[in-house]
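Working notes for the structure below.
The values are calculated or read from the model by the stated rules, or taken from the named source; none is laboratory data. Computed from a prediction, not measured in an experiment: that's the story for all the values here. Cβ sites come from the backbone with ideal geometry, for glycine too, and all protein chains shown count toward neighbours. What goes into the accessible areas is simple: the full protein's heavy atoms, side chains included, and nothing from ligands, DNA or RNA. Shrake-Rupley method; radii C 1.70, N 1.55, O 1.52, S 1.80 Å.
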Amino acid sequence: MKLLVRHQTVYRYAATAGRVAMRLKLMPVDTPAQSVLDWQVSVNDEPLTGFRRNSYGEMETIWIRHDRLDHAVIVAEGLVDTRESHGVVGHLDSRVDPRYFLRDTPLTRASDGIAAMARAAPTGEGPLAQLHALSAAVSDAVQYRAGVTSSATSAAQAFALGAGVCQDHAQIFIAAARVIGRPARYVSGYLLAGDGSALHETHGWAEAHVPGLGWIGFDPSNRVCVTERYLRLASGLDADDAAPIRGSVTVAGDIWIDADVRIAQAEEGVEERQLQRQQQQSVPPPEQTG
């Protein structure tokens, strides 16, 4: 399946910023489940070419501006060919031992409740079946509900609340998997919804490591292993580590952030692809409000 993506993030500053620094993980890489056919990243219409492979085997770059700036428009767009692998991502080109992903963070530290849920997952049919059972247990324990958690909500807090969004489901699964000795990490990326609905934001899920198979993608929010409808962007110990955009700014006053993701299945043929891209690019940057 060829997925066509346009991901635009607009930062607007109430006062002119004196310095802006951003770490960008917006360049997908080839994996056994996807091949990048065409991809570009730009900031304020200037293409970025300084992406380098990090220790995870993924691409990232640092963008810094020291002059006066009242906005930053970041656009990542391209075409990626995804393949159905039944969730198996396999062994990626990484310099990091999978056991590194056993360490917890403030966002993924397991509570007593998460640990109890993890230890209750059946072990009789092997580690893969145990992880499937764990993913289902997370889905059962935490209702999908938008607006009740934030990017700062930890796995323990979301589990106690019993509600959250994809970030919360993924981080609870990660915390639980680590309790039972399974390396697990957070993945950020894009999802082409299969029910006809339009998602206009990035998606988050988890990967767990299984000996002999490598990394397996689990999405407790949708009760599935990842499919060809998922486009993998970046990974990390938690959602913060895997964030596509992180940064700091020296500015007095408020900052407004607007993000929009457009994803579609590309039609065969160059003409159709170009037409779809033009249609996606026609979406104007959000106006400043408030």
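Under the combined filter of DSSP loop state and at most 13 neighbouring Cβ atoms within 10 Å, the stretch 55-133 retains these trypsin sites (Lys or Arg not before Pro): 68, 83, 95, 103. About the centre of its Cα atoms, the stretch 1-123 shows a dipole size close to 400 debye [charges on the beta carbon of Lys, Arg (+1) and Asp, Glu (-1) only; nearest 20 debye].
The residues neighbouring residue 228, those whose beta-carbon lies less than 12 Å from its own, together hold a net charge of +2 under the Lys/Arg +1, Asp/Glu -1 convention. Dividing the mean sequence gap of close Cα pairs (under 8 Å, 6+ apart) by how many residues the stretch 105-197 holds gives a relative contact order of 33 percent.
Per residue, the accessible area of the chain comes to 46 Å², computed with a 1.4 Å probe over protein heavy atoms only.
Estimated purely from DSSP H runs of n ≥ 4, each contributing -39500 (n - 2.57), the mean residue ellipticity at 222 nm for the chain is -6000 deg cm²/dmol once divided by its residues.
Can you give the alpha-carbon Rg of the stretch 173-248 over 2.2 N^0.38 Å, where N counts its residues? Don't jump to the answer; show the numbers that get you there.
Numbers: Rg = 12.9 Å, N = 76, 2.2 N^0.38 = 11.4 Å.
Here the Cα radius of gyration is 1.13 times the empirical estimate.
Computed on the Cα trace of the stretch 1-95, the radius of gyration divided by the Kirkwood hydrodynamic radius gives Rg/Rh = 1.05.
Each Cα pair under 8 Å and six or more residues apart adds its separation to the average, and for the chain the resulting relative contact order is 28 percent. With both partners inside the chain, how many of the DSSP beta bridges are antiparallel, as a percent to the nearest 5? In the chain, approximately 95 percent of DSSP beta bridges are antiparallel ones. Given the alternatives [x] 14.3; [y] 17.6; [z] 15.4, mean projected area of the Cα convex hull in nm² as computed for this entry is given by [z].
What number results when the radius of gyration of the stretch 58-127, computed over Cα atoms, is divided by 2.2 N^0.38 Å?
That ratio works out to 1.82.
Count the net charge of all other residues whose Cβ sits under 14 Å from the Cβ of residue 243, scoring Lys and Arg as +1 and Asp and Glu as -1. Local net charge: -2. Taken about its Cα centre, the chain carries a charge dipole of roughly 780 debye when the Cβ of each Lys and Arg holds +1 and the Cβ of each Asp and Glu holds -1.
Listed values for the stretch 99-104 are Karplus-derived 3J(HN,Hα) couplings in whole Hz (6.51 cos²θ - 1.76 cosθ + 1.60, θ = phi - 60°), namely 5, 4, 7, 8, 6, 9, and x replaces Gly and Pro. Surface composition of the chain: carbon and sulfur make up 49 percent of the accessible area, probe 1.4 Å.
Ordering 209, 175, 222 by the projection of their Cα atoms onto the charge dipole of the stretch 149-253, which places +1 on the Cβ of Lys and Arg and -1 on the Cβ of Asp and Glu, puts 209 at the extreme positive end.
For the stretch 45-62, putting each phi into the Karplus relation 6.51 cos²θ - 1.76 cosθ + 1.60 with θ = phi - 60° gives couplings of 6, 9, x, 9, 10, x, 5, 10, 6, 8, 5, 7, x, 10, 8, 8, 8, 10 Hz, in residue order, rounded to whole numbers and with x for Gly and Pro.
Considering only alpha-carbon pairs that sit under 8 angstrom and 6 or more positions apart, the relative contact order computed for the stretch 1-92 is 48 percent.
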